[in-house]
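The values are calculated or read from the model by the stated rules, or taken from the named source; none is laboratory data. Predicted, not measured: the structure shown is a model, and the values here were computed from it. Here Cβ is always computed from backbone atoms with ideal geometry, including for glycine, and neighbour counts include all displayed protein chains.
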Amino acid sequence: MQNADSKYVPLSNQARSIILGSILGDGSLKIQNEYANANLQIRHSETQKDYLLWKANALKEIAGDRSVSVQKPDGYSTKPKWRFMSKRTPALTGLHHLTYKHNALRIRRTWLNQMNALSLAVWWCDDGSLISYGGRKGVFCTDGFDEASVKILARYLGVVWNIRTIVAPVGRKRDGKQEQYWRIWIRSQEELKKFLRIILPHIPVSSMLKKAILLYKDPQFQQRWISEVIRLSHFSESVVMVEYEKKRAKWNCYR
């Protein structure tokens with residue numbers, strides 16, 4: 001077996017946190033047959049280029065010389081994909097053994113308990129969405145996991161973070177077939193705000209603020225939430241207001 005880096009170098013807390021959140025979303029750890037160690041692969045769409053580049057910079061300790069590349073559009077999108085591919089290291093192999101079984105991600109509390117607020121923020125930025133007018137509810141698009149795994153994730157959010165959610169199915173057509181997937185729904189606005197307050201200090205790039213900005217018809221309620229976003233995030237008022245205006249304009253188009 002080939003081995004790109006046989007020396008064990010522990011992952012930093014930041015890298016580990018980002019990886020644990022990413023493998024629940026748009027990242028994966030893989031051990032290919034011809035290699036002894038695992039590597040991390042992450043893909044994001046063209047519209048999330050700045051987010052992918054943030055991840056690449058934050059994970060530079062495991063990055064190679066050409067870790068970031070652009071892939072041609074695949075069958076599900078007309079836009080190119082940006083990809084980060086790490087070096088193969090023993091530390092990633094150890095994390096793979098913790099989180100995977102037979103090279104497939106296995107959802108277990110033993111490693112979910114090692115996640116932190118940064119991990120949650122990455123998971124939400126990858127696969128979380130605000131829904132209904134103004135984003136009064138939220139959903140994790142956990143379509144790649146079976147019902148039992150999604151229930152473990154939901155219980156983790158409840159027990160560790162005190163976020164009440166429900167698990168419910170959604171039907172989608174894929175390749176001409178109707179299929180059922182299981183998702184985690186935050187259906188209470190107060191629970192959603194509680195969750196967003198946890199992750200707001202860790203949202204990494206301004207383009208992801210759209211996943212934390214709630215819209216209100218009442219100007220006073222709106223200003224209160226905008227003030228919270230500014231207070232809790234590391235973005236300036238001017239940056240937050242730009243993202244707020246973008247989101248407001250988008251929602252107005254659909255009304």
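For the stretch 45-119, the helices (runs of 4 or more DSSP H) that sit wholly inside it and include 1 or more residues that are farther than 25 Å from Val205 by Cα and among the hydrophobic types (A, V, I, L, M, F, W, C) are 90-99, 109-112.
Of the residues Leu40, Leu112, Leu95, Leu53, which is surrounded by 15 or more Cβ atoms within 10 Å (Cβ to Cβ), under 30 Å from Arg248 (Cα atoms) and at pLDDT 95 or above?
Working: Leu40 fails: under 30 Å from Arg248 (Cα atoms); Leu112 fails: under 30 Å from Arg248 (Cα atoms); Leu95 fails: under 30 Å from Arg248 (Cα atoms).
After applying the criteria, what remains is Leu53.
If only residues of the stretch 125-146 that are surrounded by fewer than 22 Cβ atoms within 10 Å (Cβ to Cβ) and among the charged types (D, E, K, R) are counted, the one that is farthest from Ala249 (Cα to Cα) is Asp146. Residue by residue through the stretch 103-136, note down the ones that are free of Cβ contacts under 8 Å to residues at least 40 places away in the same chain and polar (S, T, N, Q). Within the stretch 103-136, Thr110, Ser132 qualify. For the stretch 147-164, filtered to residues that are in contact (Cβ under 8 Å) with a residue 24 or more places away in the chain and over 17 Å from Leu24 (Cα atoms), the residue that is surrounded by the most Cβ atoms within 10 Å (Cβ to Cβ) is Ile163.
For the stretch 222-255, filtered to residues that are more than 24 Å from Gly21 (Cα to Cα) and either outside any helix (DSSP H, G or I) or in contact with an Asp or Glu (Cβ under 6 Å, 6 or more places away or on another chain) (or both), the residue that is modelled with the highest pLDDT is Ser236.
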